[in-house]
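The values are calculated or read from the model by the stated rules, or taken from the named source; none is laboratory data. Predicted model, so just to flag it, every value in this text is computed and none were measured. All Cβ positions, even for glycine, are placed from backbone atoms using ideal geometry, and neighbour counts span all protein chains on display. For accessibility, only protein heavy atoms count, side chains too; no ligands or nucleic acids. Shrake-Rupley method; radii C 1.70, N 1.55, O 1.52, S 1.80 Å.
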Amino acid sequence: MGRLVPDFRFFSDSGAMFVPDSLPVGAGCLRIPLYTTVMKILIVEDEPSLREIMARTLQREQYVVEQAADYATASDKLAAYDYDCILLDIMLPGGSGLQLLRELKQRRNRAGVIIVSARDSLDDKVEGLELGADDYLPKPFHLAELSARIRSVMRRHQRGGEECFTAGNVRLWPDSRRVEVAGQALELLRKEYDILHYFMCRPNHTIDKAALAEGVWGDHIDQSDNFDFIYAQMKNLRRKLHDAGADIEIRAVYGFGYKLVLP
Ligand code: CA
């Protein structure tokens, strides 16, 4: 297997890639596909150093990242949780990544899948793509390349190549994590943005706090039964939306959770 030497310059390089070139304002906006979520990625990779640096890079790019170091862990996570994108190594302790891919497709899972594997395994590439993987990234690779492939797969999968979500007078661009209310930029903190993104994908649906916590904070959170931390973030987000003149509202549903109400 190729080795990726940890190089922290990658972080600033790939961070810079997230500055949008020019997004078509007003063009290609679509109204709320229900199947989109805050981007949640599962890294299936047994080499610890590579897995760690991938995870740290993607966390910096605001993804919710989970990790699996072997076949059994990956299989369990894929059965229990939904992911938007899966980065899949082939040679794993306990089994083959291609078998995980087969299981995913049998369950008609909609996650995007990028096979991340050794450069010389052409057979794996062909078989993986035939099994329904979206892309194939040979090792070793540059972390900026990984980020670009993920964004490309996510665009194809989730937004049909579109760039922005609209709900009422609020628009949100996932690639650049930009939000506008009535054409004016709205500054949000990281989790405020994630919550808004989550709800804009699920308008008029009542969302319970546990589902919101898992979708925005990650799998580990569903073990918790205290969701007070959501309340504080939600309060700030609702105030910012209100102050900016948003005509959508995230309403509390007493004893249950929240709901995004369209105008
Ligand atoms: Ca491996």
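Give me the one-decimal nm value for the distance between modelled label points at Asp243 and Glu145, 7 Å along each residue's Cα-to-Cβ direction.
Going by the 7 Å Cα→Cβ label model, 4.5 nm.
Rounded to the nearest whole Å², what accessible area per residue is found for the stretch 128-211 with the 1.4 Å probe?
Result: 36 Å² of accessible area for each residue.
Of Lys139/Lys191; Lys40/Lys259; Lys40/Lys105; Lys77/Lys209, which ones are farther than 27 Å apart at the Cα?
Correct reply: Lys139/Lys191.
What is the distance, in nm, between label points placed 7 Å from the Cα along the Cα-to-Cβ direction at Val253 and at Asp70?
4.0 nm
From Cα coordinates alone, what are the radius of gyration and Dmax values for the stretch 101-156 in angstrom?
11.5, 32
At R0 = 35 Å, how high is the FRET efficiency between Ser176 and Leu122 if r is their beta carbon distance? Nearest 0.05 is fine. Before the final figure, lay out the partial values.
Values: r = 36 Å, r/R0 = 1.03.
Using R0 = 35 Å, I get an efficiency of 0.45.
Which order, highest average first, do 71-78, 105-112, 204-211 follow once you tally other Cβ atoms within 10 Å for each residue and take the mean per peptide?
Values: 71-78: 18.4, 105-112: 13.2, 204-211: 14.9.
Order by mean packing, descending: 71-78, 204-211, 105-112.
Mind giving me the FRET efficiency for Phe227 and Glu52? R0 is 25 Å, r the Cβ-Cβ distance, nearest 0.05 is fine.
Efficiency computed from Cβ-Cβ geometry: 0.30.
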